[in-house]
1. What residue, of 184, 132, 169, 175, is modelled with pLDDT under 95, within 30 Å of residue 234 (Cα to Cα) and in contact with a helix residue (DSSP H, G or I) (Cβ under 8 Å, 6 or more places away or on another chain)?
2. Tally up the residues in the range 246-272 that are under 16 Å from residue 182 (Cβ atoms) and surrounded by 12 or more Cβ atoms within 10 Å (Cβ to Cβ), please.
3. May I ask you to verify whether residue 177 is more than 35 Å from the chain's Cα centre (by Cα), buried (at least 19 other Cβ atoms within 10 Å of the Cβ) and in contact (Cβ under 8 Å) with a residue 12 or more places away in the chain?
4. Identify, by number, the condition in (1) in a helix (DSSP H, G or I); (2) surrounded by 14 or more Cβ atoms within 10 Å (Cβ to Cβ) that residue 211 doesn't meet.
5. Could you say whether any residue in the range 237-254 is closer than 17 Å to residue 172 by Cβ, outside any helix (DSSP H, G or I) and at pLDDT 90 or above?
6. Which condition breaks for residue 110 when tested against (1) over 39 Å from the mean Cα position of the chain (by Cα); (2) assigned to a helix (DSSP H, G or I); (3) at pLDDT below 95?
């Protein structure tokens, strides 16, 4: 036997019919009755708005299967609060390279002065060979000097050494292609020192080599070698290049190339033994 779900008597106790008032009913049967548009077992009742002065609008309830009701955000507290080991916002300062750049102090100024001095000496001696200025030999006198020192192809070598010396000095002053310019200057100076050592050996004055006026070439060779290893600094056209700030492997290669080229020119175009 199936009772009508809308019949209130079906929800009353047996003794309610004996005259028990309806107000004494513990459960209002209308509360648990399904609505007229019952949609299934997962229906929920929407709560209307009770704002004063506004018409109540019934919004559809949340479906437990399709649209779960969002939970309110609660700030964690107690043992769930962020401890000292939690992730904290971190402010990142300037990178290490920027800090190093700002702490260079007078290094770049010192490198500029070193470049300026070495480049100026090379330019002056190049002009002595090219134009005969300041008591220089000129091109003819320089060609005769190369031939007297035992170099082959003196005619070609005269122009190569003169133009190369001027170009290396100018590039050092400008701070442009500094490793290449310094390596070329180092090659020229190494060859020149070997030639001077050969002349000192023939004159039996090899022991007095540094006191016979050759010390400036030794110092100049050390200066250009230092520029290869340190870089030209920021006061030059190479300021934005890596070898100007962080010279490393390329500098060692340029240094070895300069020394090797100077020795190779001496061996191939002269071949004398300055020590024996």
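The values are calculated or read from the model by the stated rules, or taken from the named source; none is laboratory data. The structure presented is a predicted model; accordingly, all values stated were derived computationally and were not measured. For neighbour counting, all protein chains shown are included, and Cβ atoms are generated from backbone atoms with ideal geometry for every residue, glycine included.
1. Working: 184 fails: modelled with pLDDT under 95; 132 fails: within 30 Å of residue 234 (Cα to Cα); 169 fails: modelled with pLDDT under 95.
None of the other options fit; the residue is 175.
2. Summing the residues that are under 16 Å from residue 182 (Cβ atoms) and surrounded by 12 or more Cβ atoms within 10 Å (Cβ to Cβ) in the range 246-272 gives 14.
3. no
4. Just one mismatch for residue 211, condition (2).
5. yes
6. Tallying (1) over 39 Å from the mean Cα position of the chain (by Cα); (2) assigned to a helix (DSSP H, G or I); (3) at pLDDT below 95, residue 110 fails exactly one: (1).
Residue by residue, here is whether (1) in contact (Cβ under 8 Å) with a residue 60 or more places away in the chain; (2) buried (at least 19 other Cβ atoms within 10 Å of the Cβ); (3) touching a helix residue (DSSP H, G or I) at 6+ places or on another chain (Cβ under 6 Å) holds:
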site	(1), (2), (3)
219	no, no, no
229	no, no, yes
244	yes, yes, no
274	yes, no, yes
